[in-house]
Amino acid sequence: MAKLHEVEIHRLRPTQITVGLIEVHDKRLKLEQLKKHEQRDFMQAHPIPAVWGPDSKLYLTDHHHLGRAAVEADVDTGFFYIEGDFSAVPVTEFWPKMTAAQWAHPIDQNGRLSSCQEIPGHLEKLRDDPYRSLAGYVRNAGGYDKTPAAFAEFLWADFFRPRVTIGPTREDFDRSVAAAVRLATCSAAAHLPGYKGVGAG
């Protein structure tokens with residue numbers, strides 16, 4: 001197993017534009033219920049992949065929801081396994097290298113591909129895309145399988161975006177999850193990573 005590095009949460013930088021704030025909220029509540037030593041144990045049990053960038057900044061390549069939740073819950077440190085070291089790379093070459101390695105996902109809250117310059121400098125500045133939350137909760141409910149495929153959650157979010165309406169309340173969101181779980185197995189989703197419907201596998 002890769003060596004884990006314990007790093008202060010405030011040093012983290014995102015490689016995405018959005019998160020689903022409903023998912024962040026639920027993760028934050030879970031962290032806030034833990035004592036400080038329990039928070040540290042939890043973070044150690046859920047290591048986050050990251051890349052060293054210029055100026056000794058640590059860039060998350062996944063688990064942005066947990067990272068944002070840890071910031072909001074005032075968690076002190078997290079544990080990270082390093083996928084790459086671009087600390088010696090000039091700033092002008094950093095994002096092209098991250099994009100080539102599929103470690104940057106500059107997709108905005110409307111599902112549109114943007115420039116890496118739109119990626120915020122801090123986790124607190126990530127924009128809300130409720131369809132990111134929807135895709136995550138549909139996966140957790142068994143609507144599709146977790147997969148290492150790059151952009152998987154973004155692809156599912158874009159699939160649901162024109163097909164499922166998300167209302168303003170948590171009850172609305174829960175109903176949307178139930179509808180999206182059913183939709184995830186239809187033939188129109190068969191091309192998506194983790195599909196579990198008819199003919200899957």
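The values are calculated or read from the model by the stated rules, or taken from the named source; none is laboratory data. All of these numbers come straight from a predicted model, not from anything done at the bench. Reconstructed Cβ throughout: ideal geometry from the backbone, glycine too, with neighbour counts over all protein chains shown. Surface areas here come from the heavy atoms of the whole protein model, side chains and all, with no ligands, DNA or RNA. Shrake-Rupley method; radii C 1.70, N 1.55, O 1.52, S 1.80 Å.
When the helices in the chain are scored as -39500 (n - 2.57) per DSSP H run of 4 or longer and the sum is shared across all residues, what 222 nm value do you end up with, to the nearest 500 deg cm²/dmol? Walk me through the intermediate numbers first.
Working: 7 runs with 75 residues, N = 201.
One gets -11000 deg cm²/dmol as the mean residue ellipticity at 222 nm.
Using the Kirkwood radius built from alpha carbon pairs, what does the Stokes-Einstein equation give as D for region 93-145 at 25 °C and 0.890 mPa s, in µm² per second?
On the way: Rh = 12.7 Å.
The estimated diffusion coefficient comes to 193 µm²/s.
State the volume of the convex hull built on the alpha-carbon positions of the chain, expressed per residue in Å³ and rounded to an integer.
Normalising the Cα hull of the chain by residue number yields 125 Å³.
I'm a student and want to see the number: the projected area of the Cα convex hull of region 38-97, averaged over all directions, in nm². Don't skip to the end; give the middle numbers.
Numbers: hull surface 17.3 nm².
Quarter of the Cα hull surface area: 4.3 nm².
Considering only the chain, what is the antiparallel percent among its DSSP beta bridges, to the nearest 5?
Of the beta bridges lying entirely in the chain, close to 45 percent run antiparallel.
Could you go through region 137-151 in sequence order and give the Karplus-derived ³J(HN,Hα) for each residue, using 6.51 cos²θ - 1.76 cosθ + 1.60 with θ = phi - 60°, rounded to whole Hz, and x for Gly and Pro?
6, 5, 4, 4, 7, x, x, 8, 8, 5, 9, x, 4, 4, 6
Pick from Ala157, Ala180, Ala141: which is most flexible by mean-square fluctuation in a GNM of the chain where alpha carbon atoms under 10 Å apart are linked?
Ala141
Leu34 versus Ser56, label points 7 Å from Cα toward the beta carbon: distance in nm?
Here the modelled spin labels are 2.6 nm apart.
Restricting to region 36-109, compute how many DSSP beta bridges are antiparallel as a %, nearest 5.
On the way: 3 of 8 bridges.
If I count the DSSP bridges inside region 36-109, around 40 percent turn out antiparallel.
Which net charge results for the neighbourhood of Pro14, defined as the other residues with beta-carbon distances under 9 angstrom from its beta-carbon, given Lys and Arg at +1 and Asp and Glu at -1?
+3
Over region 122-201, consider all pairs of different Cα atoms and compute the Kirkwood hydrodynamic radius from their mean reciprocal separation; express it in Å, one decimal.
Working: mean 1/r = 0.0777 Å⁻¹.
Hydrodynamic radius (Kirkwood, Cα pairs) of region 122-201 is 12.9 Å.
Could you do me a favour and compute the accessible area per residue for the chain, 1.4 Å probe, result in Å²? Write down the numbers at each step before the final one.
On the way: 10200 Å² over 201 residues.
Per residue, the chain has an accessible area of 51 Å².
Within the set of other residues whose C-beta is less than 13 Å from the C-beta of Ala135, count the net charge using Lys and Arg as +1 and Asp and Glu as -1.
Here the charged neighbours net out to 0.
Using a 1.4 Å probe on the protein chains only, how many percent of the accessible area of the chain belongs to carbon and sulfur?
Working: 5210 of 10200 Å².
That fraction is 51 percent.
Explain nothing, just compute: Karplus ³J(HN,Hα) = 6.51 cos²θ - 1.76 cosθ + 1.60, θ = phi - 60°, for every residue of region 11-22 in order, whole Hz, x for Gly and Pro.
Each residue's phi maps through the Karplus curve to give 7, 6, 10, x, 10, 9, 9, 10, 9, x, 5, 5 Hz.
For a distance above 17 Å, tell me the whole-number percent of Cα pairs in region 1-64 that qualify.
On the way: 991 of 2016 pairs.
Value for region 1-64: 49 percent of Cα pairs lie more than 17 Å apart.
Once you've got the GNM for the chain with C-alpha springs shorter than 10 Å, pick whichever of Ser115, Ser176, Ser133 has the biggest mean-square fluctuation.
Answer for the Gaussian network model of the chain: Ser115.
Please report the net charge: other residues with Cβ closer than 12 Å to the Cβ of Leu31, K and R +1, D and E -1. Can you show the working numbers first?
Working: positive: Lys27, Arg28, Lys30, Lys35, Lys36, Arg40, Arg68; negative: Asp26, Glu32, Glu38, Asp41, Glu72, Asp74, Asp76.
Overall, the nearby charge balance is 0.
Name the residue, out of Arg68, Arg132, Arg112, whose mean-square fluctuation peaks in a Gaussian network model built on the chain with Cα pairs under 10 Å.
Its mean-square fluctuation being the largest, the pick is Arg112.
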